[in-house]
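The values are calculated or read from the model by the stated rules, or taken from the named source; none is laboratory data. Every value quoted in this text rests on a predicted model; they were computed, and no experiment measured them. Note that each Cβ is placed from the backbone with ideal geometry, even for glycine, and that neighbours are counted across all protein chains shown. Just the protein is used for accessible areas: all its heavy atoms, side chains included, with ligands, DNA and RNA removed. Shrake-Rupley method; radii C 1.70, N 1.55, O 1.52, S 1.80 Å.
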Amino acid sequence: MAFLSGDYTGQSACDDSRSPLREFLRTETGSAAVLVTAALAALVWANAAPGVYASFWETHLSVGIGGHGLSLPLREWINSGLMALFFFVVGLEARREFDMGELRDRRRLALPFVAGLSGMLVPIALYLAVNAGEASARGWGAAMSTDTAFALGMLAVVGRRLPSALRMFILTITVVDDFLALGVIAVAYSERVDVLALLAAVAVFGVVLLVRALGVRRGGVYGLLALVGWVALLESGVDPVVIGLAMGLLTYAYPAAREDLEHATGLFRLFREQPTPEMERSVRAGLASALSPNDRLQGLFHPWTSYLVVPLFALANTGIPLNADQLARAFTSPVTLGILLAFVLGKPLGIVGASALTYALGRGRVRPPVGWGAVTAGGALAGTGFTVSLLIATLAFDGTQLADAKIGILSALVGTFLTSRLVTGVVTALPRRLRQRALLGDAETITDLVVPVDPDRDHVRGPRHAPVTVVEYGDYECPYCGQAEPVVRELLADFGDVRYVWRHLPLTDVHVHAQLAAEAAEAAAAQGRYWDMHDLLLSHQGALRPDHLRQYALRLGLDTDRFDRHLRSRRGSARIAEDVESADLSGVAGTPTFFVNGRRHQGAYDIGNLSAAVRAARERAAVGAR
């Protein structure tokens, strides 16, 4: 990627510095503003021209082939059609969490699953208690589901001092939430089921599994099968958005392998020599195969669902005429009050209570990834119900009750904002030591760096036993490593308790001098001048030929004969190979890649982002040391 406007986000060979999860969180957070705008636009439209608003979304749109076709209102095309794409993205992220994220350690699934389940059951119980004996009790499903975009967007506003791990915790709970909510939609809010059509949908899904088992990678094949399954589910009476989540959960996620990237580089070089249409197709296929289907599809569809599909859904479903009499009546309606209590009170009670109970029953073996103050803030933020709640409300209610449900959902957003603001204010007002424990907790974090730092072997700059260790996998010819070097210097100058480790990852398929430069650094290390040579190599990345390397050895006052013998015998290659192997074990495919206290640094490597990661690691280390 190009290096633009001082943003330290590039990476040679594989741009993992902006990870799919980081992009997912950034997109969800940013789309919250678009979602709010769409909801407000719907309210303005519905109150300025209520007849036009209602009639527009009831306009029928027909699609047909020959004598067969579908005719649905515009609102239904959005709610049952486009929302299938939304749940497809939810399924993709759930699968990615299982394959590569926090949930790859299956022991970590128990707490978010229990918290997510309880965070739905407690709100449902509160809603049913308020609506006991009323016909409106059938709308219990509208009072249970968290909206990921609103939750993360609100976290960005009220939780600037909360730990970054809370975002992952909320995201994991909302994935469980969406999964269970979709099951509720399919079972409790589907129309009378047509068994033959449902069997046809099951058969189509069986074909999808067969095609997947055969290793077919053509997206068009899966898209066509998903479309057929969607139509079958629509005809069956089961909400067809189910097919979106199912297809997402089937889509593999895995990190780009260095071998695949090297293969892609080779294909590009062949294209440079033979720029033919056939070779162009081969290069495109090779580049695509280097990334997991999950990454490619999430990058393709997630911005569309966040910035178009969900806002369109809000525009089509949020609009209700409002006046003083209607608001007065709504806030005495059991529907409005039940939804409001369910989200503002039931969600935090369910999530925090279940987390505490799981912790107690497991005798501390199952712990949340953040402190209890942050868990409480996350529980409060989870009260942001919108997208799925509106979807279920449209299935469960009509007329006055639907309007009451929408008012309850919108009011719950305001109540959740105030509650989460209060919780975060209380936590951040605690004395420093208590605040750190309340925010960070004492759970063990997943270690991404497979081969730990060995001060007797690794090249270490800074205190030998510092509480924070920053490891960089780098390549001396990589321009992004050169751009990161002054950031590392500034980081070490700002933090006196950080040790920095460089590990070699020469990308020989794209940087022809990288391996020799790394061996030159090891030759200098044999004479006790590793870091001096390291600095020279990074400051002269365009001059790494053998004659340049010998000039650098002369400048440093090295024994040049010994330096030359070291290079000719390639004595440092074994050491470099060990670093490369450790990179492969840790899933590193590009440079620069940073690890902070064993956790892979996700995001840009400018001084602000790296400093924030170091401060967080230092605080967590301080909490763990007590």
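Among the chymotrypsin sites (Phe, Trp or Tyr not before Pro) in the range 74-177, which ones are in a DSSP loop with at most 11 other Cβ atoms within 10 Å of the Cβ? Mind listing them? It would help to have the intermediate numbers written out before the result.
On the way: sites: Trp77, Phe86, Phe87, Phe88, Phe98, Phe113, Tyr127, Trp140, Phe150, Phe169; in loops: none.
Of the chymotrypsin sites (Phe, Trp or Tyr not before Pro), not one in the loops of the range 74-177 has a Cβ with at most 11 other Cβ atoms within 10 Å.
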- line: Given all pairs of distinct Cα atoms, the range 318-415 yields a Kirkwood Rh in Å of 14.8 Å
message: Contact order normalised by length for the range 340-462, with contacts defined as Cα pairs under 8 Å and 6 or more residues apart; what percent is it?
response: 36 percent
- prompt: Once fully extended, how much extra length lies between Ala328 and Leu121, figured as 0.36 nm per residue of separation less the alpha-carbon to alpha-carbon distance?
  reply: 71.7 nm
message: At R0 = 45 Å, how high is the FRET efficiency between Val157 and Arg269 if r is their beta carbon distance? Nearest 0.05 is fine.
response: 0.40
Angle in degrees between helix 387-396 and the longest Cα principal axis of the chain, rounded to the nearest 10: 20 degrees
task: May I ask you to derive the relative contact order of the chain, considering only C-alpha pairs under 8 Å and at least 6 residues apart, and to give it as an integer percent?
output: 21 percent
field: Of [x] 34; [y] 22; [z] 26, the label for percent of Cα pairs over 42 Å apart derived from the coordinates
entry: [x]
query: How many percent of the accessible area of the chain is carbon or sulfur, using a 1.4 Å probe?
result: 62 percent
- request: Would you mind computing, in nm to one decimal, how far apart the modelled labels at Glu578 and Thr447 are, each placed 7 Å from Cα along Cα→Cβ?
  value: 1.7 nm
- line: One finds the C-alpha centres of the range 519-571 and the range 418-477 to be spaced, in Å, by 34 Å
statement: Note: Leu300 to Phe56 extended length (0.36 nm per residue) minus current alpha-carbon separation gives 84.9 nm
- prompt: So for the pair Val193, Ala213, with labels modelled 7 Å out along Cα→Cβ, what separation do we get in nm?
  reply: 2.4 nm
message: With an 8 Å Cα cut-off and a minimum separation of 6 or more residues, compute the relative contact order for the range 487-590 in percent.
response: 30 percent
message: Compute the helix-to-body angle for 293-304: its Cα long axis versus the longest principal axis of the chain, expressed 0 to 90° and rounded to tens.
response: 50 degrees
- request: Report His68's accessible area, 1.4 Å probe, all protein chains in place, as a number in Å² to the nearest 10.
  value: 150 Å²
Segment Leu40-Leu430, extension gain: residue separation times 0.36 nm, minus the distance between their alpha carbons: 136.7 nm
- line: Rounded to the nearest 10 degrees, the helix 148-158 long axis (Cα) sits at an angle to the longest Cα principal axis of the chain of 70 degrees
- request: Whole number in Å², please: accessible area per residue of the chain, 1.4 Å probe, ligands, DNA and RNA not counted.
  value: 43 Å²
- prompt: With +1 on each Lys and Arg Cβ and -1 on each Asp and Glu Cβ, how big is the dipole of the range 208-314 about its Cα centre, in debye rounded to the nearest 20?
  reply: 140 debye
- prompt: Which percentage, to the nearest 5, of the DSSP beta bridges contained in the chain is antiparallel?
  reply: 70 percent
